[in-house]
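In what follows, a structure is listed as structure tokens, so that the remarks can point back to it.
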Amino acid sequence: MASISGNERPDLRDLLAFYAAAGVDDALIDDPIDRFAENAQQRQAASQQQAARSAEAPRAGADRTAAPVQPRPAAVAAVPDEAQAAAARELASKAATLDELKQIMESFEGCNLKATAKSMVFADGNPEADLMLVGEAPGRDEDFEGLPFVGRSGQLLDRILAAIGLDRKSAYIANVIPWRPPGNRAPTPHETEICRPFIERQIALVKPKVLVTLDGPPAKVLTGSPDVILRVRGGWRSHTTADGTVIPVMPTLHPEYLLRNPAHKKLAWRDFLEVKAKLREPGSL
Ligand code: URA
């Protein structure tokens, strides 16, 4: 890559490479926003306010307690904290249907990831299905289309489902986090805690007969098992919903991992054969 020094202008490719390395790999709107101009305007507005306040400042000896308190500007994105997670828990518990849950999540402003995502990825498939699959968070393609597992890994997932006689009309797919983390970075523990009530409520409303978690993080969130997927995969765990329903969970490998490690596809195949057998067991719900 060419270096940027002196009067040299960065090559457009260098600039794009810089953006990509910083996690900016998608254009969300067509027209660029000049953040430098925005900043300058904000600074100017702030100094005008300051000047106005100084002009109104009480004379020496006057009652200083009466000085008006200036409201702080509203925060643009929520800083993830326990209050946001508590709000998410409260809101999610109120959803009586999947549609209500989706609406609640769409108007929820407590997760900072929403500010950078293009869409909210709620779910795909059949909410009446016996099998529900849960991934960690949408990637670039999913963010673009607003549906889970539609990229390369989603295509592999479709082939895996077909191998056990299922498809998106007979399975239901969602993610722990419904908004794409910028640049596909791992969600922070706070972001996960904020989104956890939403996926838990979604599971409680779908009430699948069997859950499959794709990769370690969703297994950890839904079963409390340690985050080392190669150790936990293939063994049945369980998830207990708020109303006490116990759902068997099969942790397995993420399709993206299988694309990079095709020799491990046989492990996933074993896991899905287990899932197929469990789905055939008479009335476990
Ligand atoms: N990976 C995930 O965990 N979820 C998706 O929706 C896509 C890729």
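The values are calculated or read from the model by the stated rules, or taken from the named source; none is laboratory data. Remember, predicted model here, so these are calculated numbers, not experimental data. Cβ atoms come from the backbone with ideal geometry, glycine included; neighbour counts cover every protein chain shown.
Please specify each residue of region 238-279 satisfying the condition of being closer than 21 Å to residue 204 by Cα and part of a helix (DSSP H, G or I).
Residues satisfying the conditions are 275, 278, 279.
Would you check if residue 166 is free of Cβ contacts under 8 Å to residues at least 40 places away in the same chain, closer than 21 Å to residue 247 by Cα and buried (at least 19 other Cβ atoms within 10 Å of the Cβ)?
yes
Restricting the search to region 132-149, which residues are crowded, with 24+ Cβ neighbours inside 10 Å and away from the ligand (no atom under 11 Å from the Cβ)?
Passing the criteria: only 132.
Among the residues of region 207-234, which ones are small (Gly, Ala, Ser), at pLDDT 95 or above and either touching a His at 6+ places or on another chain (Cβ under 9 Å) or away from the ligand (no atom under 16 Å from the Cβ) (or both)?
Once the filter is applied, which keeps residues that are small (Gly, Ala, Ser), at pLDDT 95 or above and either touching a His at 6+ places or on another chain (Cβ under 9 Å) or away from the ligand (no atom under 16 Å from the Cβ) (or both), region 207-234 yields 216, 224, 234.
Please specify each residue of region 1-26 satisfying the condition of being aliphatic (A, V, I, L, M), at pLDDT 70 or above and surrounded by 10 or more Cβ atoms within 10 Å (Cβ to Cβ).
Within region 1-26, 15, 16, 17, 20, 21, 24 qualify.
So is residue 124 of a type in the set (D, E, K, R), over 22 Å from residue 264 (Cα atoms), buried (at least 19 other Cβ atoms within 10 Å of the Cβ) and over 14 Å from the mean Cα position of the chain (by Cα) or not?
yes
How many of the residues making up region 156-187 are touching a Pro at 6+ places or on another chain (Cβ under 8 Å) and either modelled with pLDDT under 95 or closer than 12 Å to residue 255 by Cβ (or both)?
Qualifying residue count, region 156-187: 4.
Filter region 150-197 for residues that are of a type in the set (A, V, I, L, M), assigned to a helix (DSSP H, G or I) and within 11 Å of the ligand (Cβ to nearest atom) and give the result.
Within region 150-197, 156, 157 qualify.
For region 256-267, check the following and say yes or no: at least one residue is in contact with a Gly (Cβ under 8 Å, 6 or more places away or on another chain), farther than 25 Å from residue 104 by Cα and either at pLDDT below 95 or away from the ligand (no atom under 16 Å from the Cβ) (or both).
Yes, region 256-267 contains a residue that is in contact with a Gly (Cβ under 8 Å, 6 or more places away or on another chain), farther than 25 Å from residue 104 by Cα and either at pLDDT below 95 or away from the ligand (no atom under 16 Å from the Cβ) (or both).
For region 230-277: of the residues being in contact with a Phe, Trp or Tyr (Cβ under 8 Å, 6 or more places away or on another chain) and touching a residue at least 12 places away in the same chain (Cβ under 8 Å), which is surrounded by the fewest Cβ atoms within 10 Å (Cβ to Cβ)? Quick ask: steps written out before the conclusion?
Taking region 230-277 first, the residues in contact with a Phe, Trp or Tyr (Cβ under 8 Å, 6 or more places away or on another chain) are 248-250, 252, 255, 264, 274.
This time we only want the ones that are touching a residue at least 12 places away in the same chain (Cβ under 8 Å), so: 248-250, 252, 255, 274.
Details: 248: 21, 249: 25, 250: 22, 252: 27, 255: 24, 274: 19.
Among residues in region 230-277 that are in contact with a Phe, Trp or Tyr (Cβ under 8 Å, 6 or more places away or on another chain) and touching a residue at least 12 places away in the same chain (Cβ under 8 Å), the one surrounded by the fewest Cβ atoms within 10 Å (Cβ to Cβ) is 274.
Out of all the residues in region 184-198, which are farther than 13 Å from residue 108 by Cβ and not basic (Lys, Arg)?
Passing the criteria: 184, 186, 187, 188, 189, 190, 192, 193.
Condition check: under 13 Å from the mean Cα position of the chain (by Cα), more than 14 Å from residue 198 (Cα to Cα) and without any contact (Cβ under 8 Å) to a residue 60 or more places away in the chain. Does residue 137 satisfy that?
No, not satisfied.
Does region 140-169 hold any residues that are of a type in the set (D, E, K, R) and over 13 Å from the mean Cα position of the chain (by Cα), and which are they?
Scanning region 140-169 gives 141, 145, 152, 158, 159, 167, 168, 169.
Taking the stated definitions as given, is residue 237 more than 19 Å from residue 130 (Cβ to Cβ) and either at pLDDT below 95 or of a type outside the set (A, V, I, L, M, F, W, C) (or both)? Even if it seems obvious, please write down each step before you answer.
Details: more than 19 Å from residue 130 (Cβ to Cβ): no; either at pLDDT below 95 or of a type outside the set (A, V, I, L, M, F, W, C) (or both): yes.
Against the criterion (more than 19 Å from residue 130 (Cβ to Cβ) and either at pLDDT below 95 or of a type outside the set (A, V, I, L, M, F, W, C) (or both)), residue 237 does not qualify.
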